[in-house]
Each structure stands twice: as structure tokens, then as C-alpha cells.
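Below is one structure, written out as C-alpha cells; comments come after it.
Values quoted throughout were computed directly from the atomic coordinates according to the rules given, and no laboratory measurement underlies them. These numbers come from a predicted model, not from an experiment. We place every Cβ from the backbone using ideal geometry, glycine too, and count neighbours over all the protein chains shown.
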């Protein structure tokens, strides 16, 4: 036990861990502030913070890491620890955003719709992606993000899907790519839905339910629901899909483990 605690303390109490942790915190705070402005609210703080991280990695590699192999390994370990282990804590905290009392009263009719939408979307998106030759990991992460709640779902599913040591870097790249795909496509379809929704002839509540059932990110659903004057029902519908993340993560993890164990045994 002492050896285990000592090992993890050395990883957590490292200079590189502090450096990466502070950068992640600053990116998160800046993204949370930036999302209040018109245009940025469609992306959401998570996507903005991710984009900031993708941009600042280049000057960090040049100025902080350089040719120092020890520092390079430390930064990689710190980033991996934050994006993997602490990710699970983030998913647990996401659950506190769900108002179960509202979901199981006003939103009781939304839960069956959410279950059907999430299931069909994941199955169809994965099938299409595999038909186009997309890597299985990228396909299932993109399908999950599209079907459930965007970038948060991608990272939540990534935490539940196991990958061997030699494929960990490939998995990390797939996670980044999947987040980028659902973020870009989610924003595009949010703008299209806001523009075309009123032309469909649906009522405000119907437009709100459609927004919550079809858009990836909570920020997208809220923005569309607000544009339609139905932000409450759009939010409830969207949170009903977020609730499906727990069940989807368990089912996909079991399916992935079984599928790949069968492949390895053949």
C-alpha cells in the first residue's frame, strides 16, 4: 500500500504535473469566461478549452519541453493522468448537473425518446463510419458523442473503453479527432437548425424537443431552445440524453471488450 501511494504521489506532486494542471485550469477558466460572448456560446466551454489546449501545445513543446527527454516524458505522463484518471471524476461531477426530480416528472416522456434516439444514432453512425473504413475506436467514439452529449460523451466513453499499452497513443489521437468531429458538426447543425426550424411549421415545444433530441452539446441545445422560445423543454430533453451516458458507457465497454477479445482469440 505504501509503495502504491508513494508511486502515485510522485506522479501527482511533480513539477510537470503542476505546470500542466495550471495550464488546464487557466484554459478552463478562460473558456468559461469566453463562452458568454455571442458566437462562442454555441461551442461551449469544453470545446473552447480543448481548442486552446490544441493551440498552446506548440509553443509549450518549443519553449518548455524543447529537446529535454525527461521533461517531455513528464509532460506526457501529466497530460495522460489528467485526461484519463481525472476524467472519471469529471464524469461523476457531470451527474450533479442532472435534476432527477425534474427529469422524472416534467421530463418523463422525454426518457423513452432519449433512449431510442441515443440507441439508433450510435448504431447507425457506427455502421456508416465502419462502412467508410473508419477505425473502430474512432467510429464508436464519434457515434457515442453524436448520439449522447458531444465531447463529454466522447471522453466518458474513452474512459470506459480499454486499450493496450501499444495502442494508447492511437486511442488518444482518436479521442481528440472524435471531439473535433462532433464539435464542428454539432455547431454546423445547431446553426442550421436555428435557421431552418421555424420554417418546418412545428410548435415551440416540438422545436424544443427536436433541438434537445438532435443536437450534441448542451450549449447547442440550450442555444437552439432559447431561439425557439422553448429552452426549458429543450434542456430537459437534452439532459435526458445525457442520462443515457451511464448506460451507454457500460454497454459499449462490455461490447467492446467482448468483440476485441473474440478478435484476438481467432
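If R0 is 22 Å, the Cβ-Cβ spacing of residue 64 and residue 6 corresponds to a FRET efficiency of close to 0.25. The simple Förster model, with R0 at 25 Å and r as the Cβ-Cβ distance, assigns residue 205 and residue 123 a FRET efficiency of 0.35. Kirkwood analysis of segment 121-165, using all unique Cα-Cα pairs, places the hydrodynamic radius at 10.4 Å. Entry for segment 104-224 at q = 0.11, 0.13, 0.21 Å⁻¹: log10 I(q)/I(0) = -0.40, -0.55, -1.18, Debye formula applied to identical alpha-carbon scatterers, no solvent contribution. Counting neighbouring Cβ atoms within 10 Å and putting the fewest first, the residues 18, 207 line up as 18, 207. Highest mean first, the peptides 109-122, 214-227 sorted by other C-beta atoms within 10 Å per residue fall in the order 214-227, 109-122. Taking 0.36 nm per residue of sequence separation and removing the Cα-Cα distance, the residue 258/residue 77 pair yields an extension gain of 62.3 nm. In the distance distribution for segment 211-257, Cα-Cα pairs more than 13 Å apart total 54 percent. Stokes-Einstein diffusion of segment 139-192 at 10 °C, 1.306 mPa s viscosity, Kirkwood radius from Cα pairs, rounded to a whole number: 142 µm²/s. The residues 240, 160, 67, when put in order of fewest to most other Cβ atoms within 10 Å, stand as 67, 160, 240. Residues 237, 137, arranged from fewest to most other Cβ atoms within 10 angstrom of their Cβ, appear as 137, 237. Here the spin labels are modelled as points 7 Å beyond Cα on the Cα-Cβ line, and at residue 108 and residue 130 they lie 3.8 nm apart. Note on residue 196 and residue 184: their simple-model spin labels are 1.9 nm apart, each label 7 Å out from Cα toward Cβ.
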